[in-house]
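In what follows, a single structure is set out as C-alpha cells and then discussed.
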Amino acid sequence: MVNQNYLFTSESVSMGHPDKVADQISDTILDFCLQHDPKSRVACETLVTTDYVCVAGEITTTAPLTRTVVDKLVRGIIREIGYVDPTIGFAADTCQIECKLHSQSPDISVGVDGGGAGDQGMMFGFACEETKSLMPLPIFLAHRLVENHAKLRASGKLNFVRPDAKSQVTIEYKPDGTPNRIHTIVLSTQHDESVVEVKKKKKVFSDKAREEILNTLIIPTLKAERPDLVDAKTKFHFVPVGESGKKYPSDVILCHINPTGIFLE
C-alpha cells in the first residue's frame, strides 16, 4: 500500500488508427464467416500501410468467402471508418488489397474438430467499481474520448479532424486506490492543413482548433462522465508528437494489471 497519491495512465486509439483499422477488417471477415457458417474457424490477420492492405490466415468455413467478397468487405469497412480521400495516402476505392487467406492446416483442423479449440489465446482484463461499466476509470475515459471523436467527425461538428486519433488519460489516485482527480488528458489526432498555422517558423496546431477540440470534445466528455474530477489543475495536451514537455512524476509506480494479465499488489 502506497502512502501518497499516485498517477495511472491508460490510452485508447480511434477507429481510424492503423492497428484498429486492421482489427476491424479481420473482425469483418470473421463476422461474414460466422453469419454464413456458425461453426467457422477463423484465424485472420490484417496488415495495413500506405494505400495497401494484406489479409492473410487460415480459415475453415462453408461461407462463400471468395477473393471478390474479401475485396468488397475490406473496402466497405475502410469506407465506413472514413478513409475516402485518396490524397491522404489511404482510401477505400484506391488502396491495393491482397488476399492470402487459405484453408486451415489439416493437422490443426483434425486436432480441433472434437473440442473446438485451436492454438489461439484468450486475453482477459479485470473489472472494478470505478465506473458503471465496471472498467477502470482511465481506460473508460480514454475510450469515450476517441468514441466521441469519431461521432463529432462523422457529424461534421469537428470537420477538420481525420479518422486516426489516440487519447491518453492520467488519473491521480488517493493512497487507498480511489480516483482523486483527472490529472492529464492527451489527444493526438490527424487533421486538415486548414488548422495549421506557423509560429516561430514552425507549423503548429492553431489555437482556435485547440479551443474547439477542448470545448466540443474533451470538456463535454469528461463532464458527462466524471465532472467531480475535473479541476483547474487538469492538464490538456494536443498533438504532442515531436514536442518535448515536462515528464510526469514517477516517484510512485503502481501497477493495476501488468501485460501478462497477472494481478499485482
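The values are calculated or read from the model by the stated rules, or taken from the named source; none is laboratory data. What you see is a predicted model; the values in this text were computed from it and never measured. Cβ sites come from the backbone with ideal geometry, for glycine too, and all protein chains shown count toward neighbours.
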(Q) What are the pairs with Cβ atoms under 9 angstrom where one residue, in the range 133-160, is in the same structural domain as H191 (by TED's automatic domain parsing) and surrounded by fewer than 19 Cβ atoms within 10 Å (Cβ to Cβ) and the other, located anywhere, is among the basic types (K, R) and in a loop (DSSP other than H, G, I, E, B)? Sequence gap at least six, or different chains. (A) K151/K157
Q.
Can you pull out every residue in the range 167-222 that is touching a helix residue (DSSP H, G or I) at 6+ places or on another chain (Cβ under 7 Å) and among the aromatic types (F, W, Y)?
A. F205
Q: Find the residue count for the range 47-87, including only residues that are farther than 17 Å from S14 by Cα and β-branched (V, I, T).
A: 13
(Q) I'd like the full set of residues that are assigned to a strand (DSSP E or B) and among the β-branched types (V, I, T), limited to the range 10-44. (A) V13, V42
